[in-house]
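To start, the structure itself, in structure tokens.
Any read-out appearing in this document is the output of simple, stated calculations on the displayed coordinates, not a laboratory observation. Since the structure is predicted, the reported quantities are computational estimates derived from the model, not experimental observations. We place every Cβ from the backbone using ideal geometry, glycine too, and count neighbours over all the protein chains shown.
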Amino acid sequence: MAEIVLSGVDKVYSGGVKAVDNLNLEIKDGEFMVLVGPSGCGKSTALRMIAGLEEITAGTLTIGGKVVNDLPPKSRDIAMVFQNYALYPHMTVEQNLAFGLKLRKTPKAEIERRVKEAAAMLGLEPYLKRKPAALSGGQRQRVAMGRAIVREPQAFLMDEPLSNLDAKLRVQMRASLHQLHERLGVTTVYVTHDQVEAMTLGDRVAVLKDGKLQQVDTPKNLFDHP
Ligand code: ADP
Ligand code: ADP
């Protein structure tokens with residue numbers, strides 16, 4: 001688990017677009033922080049900088065007290081969940097869950113323990129031998145989350161992980177995510193353009209507009225004093 005701190009962070013893309021403008025944000029250890037705002041406000045860019053998938057133009061980013069500006073994604077001990085699942089179609093659910101750990105040369109018994117635990121937590125036990133094509137959207141999204149969970153990272157980063165699901169499933173998955181966070185208590189940064197999702201999931205919500213932080217507060221305070 002880890003605190004994530006952005007201090008005066010800017011992102012200017014090569015074309016000259018300033019996607020993130022002087023972002024100051026402290027995400028506490030174990031906190032569920034939601035970044036919300038309209039399309040193009042810089043949410044994904046901010047998340048991708050935390051992940052190390054995008055270079056920081058100016059400012060400082062620390063994870064667990066360590067400056068990570070120049071650290072590659074692999075050295076950041078964080079796991080990212082995407083909206084398009086990014087599952088391997090030729091592998092079973094079990095193999096998908098284990099794959100990242102195998103790459104990292106995690107001992108076999110440890111891989112088995114973690115896969116079993118994640119599958120139980122996500123209700124995926126009945127589907128371990130299936131391939132992604134034989135799963136529902138909700139099941140696939142849970143496999144994608146399972147792949148992040150088995151890493152036992154310091155932080156989870158999620159970019160609109162529920163946006164490909166239908167409305168009913170989205171509500172279910174929100175509840176599951178909330179439970180999961182209560183259980184694991186891992187620092188989470190969650191990007192969405194959906195205000196309801198932001199208010200339901202966030203311990204705090206950071207509202208972005210044109211690359212700038214407008215407000216950051218608990219859902220209750222934002223709702224009472226918008
Ligand atoms: P959001 O996630 O809130 O929709 P983004 O972070 O994706 O916003 O984008 C913020 C701004 O940066 C937008 O103006 C977008 O067009 C621009 N942008 C995003 N990615 C790139 C890129 N790779 N190159 C140039 N501009 C980009
Ligand atoms: P569908 O997409 O076909 O509606 P789901 O993927 O939502 O199916 O769910 C498949 C089964 O898994 C259901 O029995 C559902 O109750 C159960 N389930 C859904 N989410 C969870 C969860 N987070 N933990 C445990 N079981 C779940």
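Would you point out the residue of region 183-209, among those that are charged (D, E, K, R) and in contact with a strand residue (DSSP E or B) (Cβ under 7 Å, 6 or more places away or on another chain), that is surrounded by the most Cβ atoms within 10 Å (Cβ to Cβ)? Within region 183-209, the match that is surrounded by the most Cβ atoms within 10 Å (Cβ to Cβ) is ARG204. Looking across region 151-169, the residues that are surrounded by fewer than 19 Cβ atoms within 10 Å (Cβ to Cβ) and within 16 Å of ligand 2 (Cβ to nearest atom) come down to SER163, ASN164, ASP166, ALA167, LYS168, LEU169. Would it be correct to say that GLN154 is among the polar types (S, T, N, Q) and over 16 Å from the mean Cα position of the chain (by Cα)? Spelling it out, it is not the case that GLN154 is among the polar types (S, T, N, Q) and over 16 Å from the mean Cα position of the chain (by Cα). Residue pairs whose Cβ atoms lie under 7 Å apart, sitting 6 or more positions apart in sequence or on different chains, and linking a residue in region 152-179 that is within 22 Å of LEU101 (Cβ to Cβ) to a partner that is within 10 Å of ligand 2 (Cβ to nearest atom) and in a helix (DSSP H, G or I), are PRO161/GLN141. ALA206 falls short on exactly one of the conditions (1) closer than 14 Å to PHE32 by Cβ; (2) outside any helix (DSSP H, G or I); (3) in contact with a helix residue (DSSP H, G or I) (Cβ under 7 Å, 6 or more places away or on another chain), and that condition is (3).
Scan region 71-93 for residues that are crowded, with 19+ Cβ neighbours inside 10 Å and of a type in the set (D, E, K, R) and the total you get is 1.
The set of residues in region 4-32 that are in contact with a Phe, Trp or Tyr (Cβ under 7 Å, 6 or more places away or on another chain) and within 13 Å of THR187 (Cβ to Cβ) contains only PHE32.
Inside region 39-73, residues that are within 9 Å of ligand 1 (Cβ to nearest atom) and in contact with a strand residue (DSSP E or B) (Cβ under 9 Å, 6 or more places away or on another chain) make up a count of 10. Restricting region 12-38 to residues that are touching a His at 6+ places or on another chain (Cβ under 9 Å) and outside any loop (DSSP other than H, G, I, E, B) leaves a set whose member that is farthest from ligand 1 (Cβ to nearest atom) is PHE32. Close Cβ contacts (under 9 Å, 6 or more residues apart or on different chains) running from residues in region 16-28 that are within 10 Å of ALA206 (Cβ to Cβ) to residues that are crowded, with 21+ Cβ neighbours inside 10 Å and basic (Lys, Arg) comprise LEU23/LYS11. Here VAL205 passes the criteria (1) in contact with a His (Cβ under 7 Å, 6 or more places away or on another chain); (2) away from ligand 2 (no atom under 16 Å from the Cβ) except the one numbered (1).
The sole residue among GLN83, GLN95 that is without any contact (Cβ under 8 Å) to a residue 40 or more places away in the chain and either within 16 Å of ligand 2 (Cβ to nearest atom) or closer than 30 Å to LEU135 by Cα (or both) is GLN95. The single residue among ALA148, ALA133 that is out of contact with any Gly (no Cβ under 8 Å at 6 or more places or on another chain) and under 30 Å from ASP217 (Cα atoms) turns out to be ALA148.
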